[in-house]
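> Next up is a structure, given as structure tokens.
Every number in this text was worked out from the coordinates using simple rules, so none of it is lab data. All values derive from a computational prediction rather than experimental measurement. Here Cβ is always computed from backbone atoms with ideal geometry, including for glycine, and neighbour counts include all displayed protein chains.
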Amino acid sequence: MSDESSRSARPYGQRRNDGAPTWWAALDRADLPDNEGVPAAHRRWYEDPEPAAPVVEIAGRPQAAPARRGWLIGLLVAVAIGLFGWRPGSDWSPAIAGAAFLLGTLAFAGLGLLMAGTLRAEGTLAAANGLFLVFLLLGGIVLPIDHLPAFLADLARVLPASALSDAYRLGLGSATGDALPSLLVLAAWGALTSLLATRFFRWE
């Protein structure tokens, strides 16, 4: 039996986890869907004889990301409530929090696909780490945007990290105000990065 046929014949969740602990396969299982139950656009590229077209690959990833990452959000919320006594504000809005989650997923998934499809592996790693630090510092997470110099504050307000953190604060009742500007920023980043990734994505 060839390597390709033996790999496709393996039980669900074991294509990349031979020799790994069972719990690792369980954690990674959402990233390895069965061919029978998932549309072709959502399958991993290495399961097909030919890589999917960029527009098909890019269209499938952001749509599947919320399902794969939703349990992580649930785990974080459970830890915050159980260990730290966190509670959402009295005027929290599930609609705003949900919109922030979906639009934030779209924006950052598009950005990640754009980097992964246009840079070499080393460049993607360096860019991702650099952007993480930039977003951490200018995203209103470590330091409030109002405490930044004026030119940095203006830049921070149009970055997806600050828009996402503001939208979550408003959605969870930790702040008051209009969430629409933040959601529009996230939507704009999601549309722009997805379009650019579709245009410039290439396989190595």
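> Under a Cβ-Cβ cut-off of 12 Å, what is the net charge of the residues other than ALA100 that fall near it, where Lys and Arg count +1 and Asp and Glu count -1?
For residues surrounding ALA100, the net value is 0.
> So, one more: Just rank ILE81, ILE96, fewest to most, by other beta-carbon atoms within 10 angstrom.
Result, fewest neighbours first: ILE81, ILE96.
> Between LEU137, SER194, ALA175, whose Cα lies farthest towards the positive end of the dipole of the range 124-202 when Lys and Arg beta carbons carry +1 and Asp and Glu beta carbons carry -1, centred on the Cα centre?
SER194
> Can you list which of the trypsin sites (Lys or Arg not before Pro) found in the range 64-147 are DSSP loop residues with at most 16 other C-beta atoms within 10 Å?
For trypsin sites (Lys or Arg not before Pro) across the range 64-147 that sit outside H, G, I, E and B with at most 16 neighbouring Cβ atoms in 10 Å, the list reads ARG120.
> So which chymotrypsin sites (Phe, Trp or Tyr not before Pro) in the range 101-204 pass both tests, a DSSP loop state and at most 15 other Cβ atoms within 10 Å of the Cβ?
Counting only loop positions with at most 15 other Cβ atoms within 10 Å, the chymotrypsin sites (Phe, Trp or Tyr not before Pro) in the range 101-204 are TRP203.
> Please give the net charge around ALA175, taking every other residue with its beta carbon less than 13 angstrom from that of ALA175, where Lys and Arg add +1 and Asp and Glu add -1.
Spelling it out: positives minus negatives among the neighbours equals -3.
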